[in-house]
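The values are calculated or read from the model by the stated rules, or taken from the named source; none is laboratory data. Please read all numbers here as calculations on a predicted model, not as lab measurements. Cβ: placed from backbone, ideal geometry, glycine included. Neighbour counts: every protein chain shown. The area values use the complete protein model at the heavy-atom level, side chains included, leaving out ligands, DNA and RNA. Shrake-Rupley method; radii C 1.70, N 1.55, O 1.52, S 1.80 Å.
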Amino acid sequence: MKIHEYQSKIIFAEHGIPIPAGRVAASAKEVKSIAAELGGRVVVKSQVLVGGRGKAGGIRVAETPEEAEGIATKILGMTIKGLPVRKVLVDEAASIKSEIYLGITNDRTNRCPVMIASAEGGVEIEEVARKDPGKIIRVRIDPLLGLRDYQSRYLAQMIELPRSFWREFLKITRGLYASYVDTDASLAEINPLVITDDKRLLALDGKMVVDDNGLFIHPELEEMRDDDEIKKEERQARMYGLSYVKLEGNIGCMVNGAGLAMATMDVIKLFGGEPANFLDIGGGASAEKVASAIRIILSDSNVKAILFNVFGGITRCDEVARGILSAMETIDTSVPMVVRLIGTNEAEGRRLLQGQSMTVATSLVDAAQKAVSLAKEGVQ
Ligand code: GDP
Ligand code: MN
């Protein structure tokens, strides 16, 4: 789960990281009064859970409270990468001398946290990583020992941070590591960490992703959930206990088991198709569950064919077939369907689906090829 910049910054501040004075607001009026309170120049920042807000025009500096109000009116009406701006953060504006990148994330290959720093932080960091990877400095952190000061000094040295900032930089790296550990985060990032004209280090941006599986021990983080982050269909799927991720293709997939769902998507791609979604219906296959899965798949107008791939284990194939049959009584669609059933009671399952307006297949290869060709016909 991602959390907003203003929320990340509060966590950072609790761990001793210097952040600009500021507050979050949901209306232009509030923005004006916060700007007046802060006095001087402020920066009005859209709070949406995507990167690149600056480039999208969602971050602007205002010289006066009136100007801040005007800017807020515009930003609060914006949609950035599909997400509506409902809140803005109003921060004291900083005068920036240089922008550093500092972040920590999970290094899956090496199975440990990795802290990353670059002297060339800011909105072009992805570009720097691509064109000049030598400018991105990494240290692996032993999770048992935690971040050691010598590692932070190494980062400071490699990014050529002037000595006078080292003490503060060490404090910030410790704070960032603690923020990451304490919240069970998979990412904690300050981009940019700036050196100001008056020679201070300041975290101007904050981004955190916390592990969904850790949320049950962090009710204070769960409260930060922003439902805009996930799509309506995904929210609905969660309600029915389905794992659904929408994708860009046109073949809807309904599969029992996450691994089998991944394999199904791979096979679709192997035969030249594109999956429209990942969907794991999990164990059991009540008509209600199957019907909600089909409805969610069909809510995507790109879908031109649906492939059911079911491995009958504890969930029996005949049970799934009955689920599909009774779901179809409540759903009216002309989208062609291919069903592949294998495992416990497969013959009975297939028999039940005989004569229905759907293609029944035994092998996944056969089923995927049929779904791919049906989807192609559907596009024409
Ligand atoms: P992002 O685009 O979503 O990563 O948002 P950021 O918070 O990182 O802001 C983008 C850029 O806006 C930063 O890299 C800065 O260059 C600039 N910016 C943000 N806050 C301030 C500020 O207080 N003063 C000035 N001068 N620039 C700022
Ligand atoms: Mn940023």
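Quick notes on this one:
- Region 339-352 - residue that is hydrophobic (A, V, I, L, M, F, W, C) and in a helix (DSSP H, G or I) and, of those, most open to solvent (accessible area, probe 1.4 Å): ALA347
- For region 358-380, the candidate set comprises residues that are part of a loop (DSSP other than H, G, I, E, B) and modelled with pLDDT of 90 or more; within that set, the residue that is most open to solvent (accessible area, probe 1.4 Å) is SER363.
- Taken over region 317-335, residues that are in contact with a Gly (Cβ under 8 Å, 6 or more places away or on another chain) and surrounded by fewer than 19 Cβ atoms within 10 Å (Cβ to Cβ) amount to 1.
- Screening the candidates SER33, SER8 for the property of being out of contact with any helix residue (DSSP H, G or I) (no Cβ under 6 Å at 6 or more places or on another chain), small (Gly, Ala, Ser), in a helix (DSSP H, G or I) and surrounded by 19 or more Cβ atoms within 10 Å (Cβ to Cβ) yields one hit, SER8.
- The set of residues in region 192-242 that are modelled with pLDDT of 85 or more and in a helix (DSSP H, G or I) comprises ASP212, ASN213, GLY214, LEU215, PHE216, ILE217, PRO219, GLU220, LEU221, GLU222, ALA237.
- Test: residue in region 166-177 that is within 16 Å of ligand 2 (Cβ to nearest atom), touching a residue at least 12 places away in the same chain (Cβ under 8 Å) and either out of contact with any Cys (no Cβ under 8 Å at 6 or more places or on another chain) or of a type in the set (Lys, Arg) (or both): yes
- Leading residue by the ranking (most open to solvent (accessible area, probe 1.4 Å)) among those in region 51-75 that are more than 28 Å from ALA185 (Cβ to Cβ) and in a loop (DSSP other than H, G, I, E, B): GLU63
- One residue stands out among those in region 179-188 that are of a type outside the set (S, T, N, Q) and touching a helix residue (DSSP H, G or I) at 6+ places or on another chain (Cβ under 9 Å): the one that is surrounded by the most Cβ atoms within 10 Å (Cβ to Cβ), which is ALA188.
- Enumeration of residues in region 189-221 that are more than 16 Å from ligand 1 (Cβ to nearest atom) and surrounded by 14 or more Cβ atoms within 10 Å (Cβ to Cβ): VAL210, ASP211, GLY214, LEU215, HIS218, LEU221
- Residue list for region 76-92, filter: open to solvent by less than 30 Å² (accessible area, probe 1.4 Å) and part of a loop (DSSP other than H, G, I, E, B): VAL85
- Of the residues GLY282, GLY355, the single one that is within 24 Å of the chain's Cα centre (by Cα), open to solvent by 10 Å² or more (accessible area, probe 1.4 Å), modelled with pLDDT under 90 and at positive phi is GLY282.
- Within region 100-158, being within 16 Å of ligand 1 (Cβ to nearest atom), in a helix (DSSP H, G or I) and either open to solvent by 80 Å² or more (accessible area, probe 1.4 Å) or not assigned by TED's automatic domain parsing to the domain that holds PRO192 (or both) holds for one residue alone: GLU126.
- Whichever residue in region 19-30 is more than 16 Å from ligand 2 (Cβ to nearest atom) and open to solvent by 30 Å² or more (accessible area, probe 1.4 Å) and, among such residues, is farthest from PRO84 (Cα to Cα): ALA21
- Residue match in region 305-316 (condition: over 31 Å from the mean Cα position of the chain (by Cα), assigned by TED's automatic domain parsing to the domain that holds PHE278 and open to solvent by 40 Å² or more (accessible area, probe 1.4 Å)): yes
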